[in-house]
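Chemist: Once you've had a glance at the structure underneath, I'll fire off some questions.
Rule-based calculations on the coordinates, nothing more; no lab input. Since this is a predicted model, take the numbers as computed values, not measurements. With ideal geometry, Cβ positions are generated from the backbone for all residues, glycine too; neighbour counts draw on all protein chains shown.
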Amino acid sequence: MQSRVIFYRAVVGSLVVLSLWLTSLNQALALPPLIHGGQERERFIMTDQEGRTRGLTIEIIDDLTRRLDLPVLHRTCPFKRCINQLISGQMDLMMFITVNPRRSAAVEFIQVWPNPLTINFYTRAPEAERLQSLSDLIKLRIGYVKGFYYSNQLAQIPKEQHTAVIKEQQLPRMLLAGRIDVFPVYGRSHNFIDKDFPQLQLAPLQLTGPDFAILAISKKSPYLQFSEQMNLTLEEMAIDGTLDKIWGRYHDGDKVSMPPELRRRVKSLQNGPENE
């Protein structure tokens, strides 16, 4: 009799666990596709002649969601609009977002890495050498992409000298037209500017960029529950070499710049325990 009671309890317990699992599964299946968005940008997000979205950001998100078996849709929009939609929950996910403390209340940052890129400044070639220090910069009219978080140091430039634009591609023409004196960029390699605007030149001044997050997920997103799985999966993609392969396809074979500890784990896996 006692063994029969134990058996029935086990059956009931199993049914409860199964019911909870099915409920969780149904909730996951009921979710709308994850919306990933970002501004079109050379190498990162580009639209081809057939209207298809491609780029290293798209490839990383596609690999991530495939591993987690999550549906995904990609959307392009001006950066400021994308950020606002991320904060409001209209968009679920963005990539390569600088960590701005003011966004932390509405956005969860996943895999925060030190920024390997400096903030550099384009100006007209004859004037480039004049921009040597921050004190030189704060006298100038600066253009920037609306919503981008470059550095707290730029806040020292008076507001009346700021001009915000929707797309980065607008800035070189505004500089040549004399509407601004300078505009910031991350890093020192910008093919479309160097190729199409030889009259412009990078100034000597460089500023340190803020930390950035590989992923930023809206705290209003139904996919927030997957944030830890996303974190672990991104780490897995770094360690197994996937991030390096995708990055290299768009950066002449270069490897993505990741935190030293993570890079050591990548090398350890590639070399094998016998070579450590």
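Chemist: Once the other residues with Cβ under 12 Å from the Cβ of R43 are scored (Lys, Arg +1; Asp, Glu -1), what is the net sum?
Modeler: -2
Chemist: Right, next: For the chain, take the longest principal axis of its alpha carbons; what is the angle in degrees between that and the long axis of helix 227-239, to the nearest 10 within 0 to 90?
Modeler: It is inclined by approximately 70 degrees.
Chemist: Order by neighbour count: D92, D211, fewest other Cβ atoms within 10 Å first, most last.
Modeler: D211, D92
Chemist: Place a label point 7 angstrom from the Cα of N84 along the Cα-to-Cβ direction, then list the residues of the range 135-175 whose backbone nitrogen is under 15 Å away.
Modeler: Residues 146-148, 164-167 fall inside that zone.
Chemist: Expressed as an acute angle from 0 to 90° and rounded to the nearest 10, what is the orientation of the C-alpha long axis of helix 79-88 relative to the principal long axis of the chain?
Modeler: Approximately 30 degrees, to the nearest ten.
Chemist: At what distance in nm do the modelled label points of D196 and R130 sit from each other, each positioned 7 Å from its Cα along Cα→Cβ?
Modeler: Once both label points are built, they end up 2.6 nm from each other.
Chemist: So what are the chain's ellipsoid semi-axes, whole angstrom, largest first, if each one is the square root of 5 times an eigenvalue of the alpha-carbon gyration tensor?
Modeler: 44, 22, 17
Chemist: Something else about it: How much net charge surrounds L205 when only other residues with a Cβ under 11 Å from its Cβ are counted (Lys, Arg +1; Asp, Glu -1)?
Modeler: For residues surrounding L205, the net value is -1.
Chemist: Let me ask something additional. So what is the 222 nm mean residue ellipticity for the chain from helices alone, if each DSSP H run of at least 4 adds -39500 (n - 2.57) and you divide by all residues, rounding to the nearest 500 deg cm²/dmol?
Modeler: Rounded to the nearest 500, it is -11500 deg cm²/dmol.
Chemist: Place a label point 7 angstrom from the Cα of Q206 along the Cα-to-Cβ direction, then list the residues of the range 156-187 whose backbone nitrogen is under 18 Å away.
Modeler: What the label zone holds, given the 18 Å backbone N cut-off, is 183-187.
Chemist: For the range 118-208, state what percent of all Cα-Cα pairs lands in each successive 5 Å bin, counting from 0 Å until the bin that includes the largest distance.
Modeler: Cα pair-distance distribution for the range 118-208, in percent: 3, 14, 29, 30, 19, 5, 0.
Chemist: Please compute the net charge surrounding K167, taking Lys and Arg as +1 and Asp and Glu as -1 over other residues with Cβ under 12 Å from its Cβ.
Modeler: So the surrounding residues net to +2.
Chemist: Moving on. Counting pairs on different chains as well as pairs 8 or more places apart, how many Lys pairs in the chain have Cα atoms under 13 Å apart?
Modeler: 6
Chemist: Taking the range 23-121, which GluC sites (Glu not before Pro) meet the DSSP loop condition and have no more than 13 other C-beta atoms within 10 Å?
Modeler: Passing sites in the range 23-121 are E50.
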